[in-house]
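Heads up: the structure comes next, in structure tokens.
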Amino acid sequence: MNIHRRDRGSHATITLAGELDLETAHSVRVVIEDCLGDGIRTVDIDLALLTFCDVSGLNAFLVASRLTTTAGGALCLHHPSPMLTRLLDLTATGFLLDDRPLVSASRAAVADDLAAGRPTSLAS
């Protein structure tokens, strides 16, 4: 799992690339907690490069959403795969999705950052 964080004021966009499962879910929770500790209140998670997400990943999103809401902010998921959209539908957690346009770096810029070793967090 590669995690790329880009901050803009009190807003952060986090791009997840790879597989989100029991082994990597903790890394997602940590980066969200770091955002909140840094004063970030709007967290957008770009899932376009996420290839797999199990219930552990869903739980990480739910915990992160609760923490962000408690801190007076908002967490939204963007560009989920059809498989993840189905998981969200089946578990009635579609409230995590947001239809507003995602303001983030281009996929090419994120890929360049990841290739250059500039991700915020790198978990195996």
Accessible area (Å², per residue) of the range 1-75, counting only protein heavy atoms and a probe of 1.4 Å = 41 Å²
Taking N as the number of residues in the range 5-71, what is its Cα Rg relative to 2.2 N^0.38 Å?
-> 1.04
What ranking do 75-82, 87-94 get when scored by the average of other Cβ atoms within 10 Å per residue, highest first?
-> 75-82, 87-94
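The values are calculated or read from the model by the stated rules, or taken from the named source; none is laboratory data. These numbers come from a predicted model, not from an experiment. Methodologically, a virtual Cβ is constructed for each residue, glycine included, from the backbone with ideal geometry; neighbour enumeration extends over all protein chains shown. Surface accessibility is based on the protein's heavy atoms, side chains included, excluding ligands, DNA and RNA. Shrake-Rupley method; radii C 1.70, N 1.55, O 1.52, S 1.80 Å.
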